[in-house]
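S.K.: This structure is in structure tokens; I'll ask about it shortly.
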Ligand SMILES: [Zn+2]
Ligand SMILES: [Zn+2]
């Protein structure tokens, strides 16, 4: 039994008959489309990752479409150079958090939307619970590391991922659904090479490689985000989509084509959790020891825990033997941190982990202090089964008003 979708299959019969005639309500023109069901959009939960050129168009479309719940994640602030490609930002917003401004702008377009901002790094700070909360995840980011992380998260919690990519006046939209080929299945050797280049030889992130400045235009972001949102509408209606395919648009020639992906059986992303149990606990209240006990109650004495991200535990200097405890998501630590502050040019040994087996020294520390973000899902495994323990006590701090109707699902720890 894997995590289920909230989206019901569409019954395409008789929808038009139930649509009222053209009135002057906000969504009356949509109702003229025979299969359209505005209630599906109103009850939809969409996670938008990235509030840049693509994200702006995505969020604008979702608000116009009457999507009811939107969580917007971005870690950056509005800059002057965003104003030529971002319909939701004004010069007065310069310096403000993109996600916060975009959520406010969405509410101005559609006052009934519950839009909430997550101002943080989506790879390291956004808990897996946010992905499970969503019905659909829409991506508007320009780097492979983020796409791969989003892809793995979506597969773990059985959620579709609609990705967009733009460069100059070209772009593509890709729909990935669990069971089908995923983003990682599409990655070439060149993609992996470029992904590795983002990391130094010690696997610590190199800031100069982050945030590449991709040339983009508002015209192509509007086209690609339009296709992404239209696929989302179809998914929400239980209709056939471009799942497992890419829609590729060449702006120069004006040509567009679709291409189909092959599912790779040995792909690491295909790891949908068998079950997810929400706990009324937070990353600050729960310890690895408590979670491990719970895991062993459910999955037997050999169960171990697994974190969604690799954590840098400590840096050890081979020369002066100094040990610095870090406990931060690996990619979050800057490359210069690798050098010993005392021995200057000496590169320290990087000690990382992502599994917890029960003999670690940090079992009684809160999860938050070992690099687990709020509202994350910690995975328990034995050889046959996987259970995700969701830190649902953090839901409100991450989802804000969007947490309103998630509380009922929470089970308390006995
Ligand atoms: Zn795959
Ligand atoms: Zn040293």
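S.K.: Run the numbers for residue 384 and residue 264: contour at 0.36 nm per residue of separation, minus the present Cα-Cα distance, in nm. Write out the running numbers ahead of the final one.
M.R.: Working: separation 120, 0.36 × 120 = 43.20 nm, distance 2.12 nm.
Net length gain for the segment: 41.1 nm.
S.K.: For the stretch 210-336, what is the convex hull volume of the alpha-carbon atoms per residue, in Å³?
M.R.: 270
S.K.: Express in nm, to one decimal, how much length is gained between residue 298 and residue 344 on full extension, taking 0.36 nm for each residue of separation and deducting their alpha carbon distance.
M.R.: On the way: separation 46, 0.36 × 46 = 16.56 nm, distance 4.81 nm.
Taking residue 298 through residue 344 to full extension adds about 11.7 nm, to one decimal.
S.K.: How compact is the stretch 49-107 by the rule of thumb for globular proteins, expressed as Cα Rg over 2.2 N^0.38 Å?
M.R.: Working: Rg = 10.3 Å, N = 59, 2.2 N^0.38 = 10.4 Å.
Compactness ratio reported: 0.99.
S.K.: What number in nm² do you get for the stretch 15-121 if you take the convex hull of its Cα atoms and divide its surface by four? Provide the component values of the computation, followed by the final result.
M.R.: Working: hull surface 27.9 nm².
With every direction weighted equally, the projected area is 7.0 nm².
S.K.: With an 8 Å Cα cut-off and a minimum separation of 6 or more residues, compute the relative contact order for the stretch 64-210 in percent. Display every interim value, and only then the final one.
M.R.: On the way: 202 pairs, mean separation 24.0, N = 147.
Contact order relative to length: 16 percent.
S.K.: Mind grabbing the base-10 log of I(q)/I(0) for the stretch 273-414 at q = 0.09, 0.12, 0.17, 0.18 Å⁻¹? Debye formula, identical points on the C-alpha positions, no solvent, two decimal places.
M.R.: One equal scatterer on each Cα of the stretch 273-414 leads to -0.33, -0.55, -0.92, -0.99.
S.K.: Could you work out the relative contact order of the chain, using alpha carbon pairs under 8 angstrom and six or more residues apart, expressed as a whole percent? Numbers along the way, then the final one.
M.R.: On the way: 898 pairs, mean separation 69.8, N = 414.
Once normalised by length, the contact order is 17 percent.
S.K.: While we're here: If you count the DSSP beta bridges with both ends in the chain, what percent of them are antiparallel, to the nearest 5?
M.R.: Numbers: 39 of 66 bridges.
DSSP beta bridges in the chain are roughly 60 percent antiparallel.
S.K.: Helix 144-156 versus the longest principal axis of the chain: what is the Cα-based angle in degrees, 0 to 90, to the nearest 10?
M.R.: Approximately 80 degrees, to the nearest ten.
S.K.: What is the packing order of peptides 338-346, 37-45, taking the mean over residues of other C-beta atoms within 10 Å and listing the highest first?
M.R.: Values: 338-346: 13.4, 37-45: 18.2.
Listed from highest to lowest mean packing, they are 37-45, 338-346.
S.K.: Right, another one. For the ranges 391-398, 188-195, 283-290, what's the packing order if you count other beta-carbon atoms within 10 Å of each residue, average per peptide, and put the highest first? It would help to have the intermediate numbers written out before the result.
M.R.: On the way: 391-398: 22.6, 188-195: 11.2, 283-290: 18.5.
Highest mean packing first, the order is 391-398, 283-290, 188-195.
S.K.: Same structure, new question: What FRET efficiency do you get for residue 352 and residue 397 if R0 is 25 Å and r is their Cβ-Cβ distance, rounded to the nearest 0.05?
M.R.: Details: r = 27 Å, r/R0 = 1.08.
The computed FRET efficiency comes out at 0.40.
S.K.: Calculate the translational D of the chain in whole µm² s⁻¹ from Stokes-Einstein, where the hydrodynamic radius comes from the Kirkwood formula applied to all Cα pairs, the temperature is 4 °C and the viscosity 1.567 mPa s.
M.R.: On the way: Rh = 22.6 Å.
Reported coefficient: 57 µm²/s.
S.K.: Same structure again: If you average the sequence gap of Cα pairs under 8 Å that are 6 or more apart and divide by the length of the stretch 306-387, what percent do you get for the contact order? Spell out each step's value before the answer.
M.R.: On the way: 115 pairs, mean separation 30.1, N = 82.
Value for the stretch 306-387: 37 percent.
Computed from the coordinates by the stated procedures, all read-outs in this text should not be read as laboratory data. The structure presented is a predicted model; accordingly, all values stated were derived computationally and were not measured. Positions of Cβ are backbone-derived with ideal geometry, glycine not excepted, and every protein chain shown enters the neighbour counts.
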